[in-house]
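Read the structure below first, then the notes.
Computed from the coordinates by the stated procedures, all read-outs in this text should not be read as laboratory data. Values in this document were obtained by computation on a predicted structure and should not be read as measured data. We place every Cβ from the backbone using ideal geometry, glycine too, and count neighbours over all the protein chains shown.
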Amino acid sequence: MVREDIQQVVALMEGLPLRERRMVLEFVESLAAGTAIGAREARRRVSAWLVGHVGHLLMGGEPRYIAGERPVWRVPVQVTLGVWGEVGFVDVDARSGELLVNDRTPEEILARVKALAGNTAPR
């Protein structure tokens, strides 16, 4: 049964673009590692935290699974209006769903937003 399941997954993945294949593999890896939350939930949690604690013009980007002793979803922080760009990341514990932030995280993200805006301001 497991062999047939693997063959079906391989057949499905062959038709996917490379980026989507990577996402599928990271998701499968997270399941095998016993993670409690998936990439979508990690992104949702980061986006909600950003709006509530940093600024409403920021959102979570495409999460990347990072295996390790404490597996995490690394969610990039993206500016969504005016100056577009990535201004850092927030890690989410893949087992508990806890956001791995501290009291300085909002300040650090805002400093990067200001730096990005300063680098792209019209002259």
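Determine one quarter of the surface area of the Cα convex hull of the stretch 35-120, which equals its mean projected area, and express it in nm² to one decimal. Don't jump to the answer; show the numbers that get you there.
Values: hull surface 21.2 nm².
Dividing the Cα hull surface by four gives the mean projection, 5.3 nm².
Could you pull out every residue, at least 5 positions away or on a different chain, whose amide H is within less than 5 Å of the one on GLY85? Hs are placed 1.01 Å off N in the peptide plane, and Pro or chain starts have none.
Under 5 Å from the amide H of GLY85 lie the amide H atoms of VAL79, each far enough along the sequence or on another chain.
Using the 10 angstrom Cβ neighbour count as an exposure proxy, how do VAL101, VAL28, VAL10, VAL87 rank, fewest first?
Exposure proxy ranking, most exposed first: VAL10, VAL28, VAL101, VAL87.
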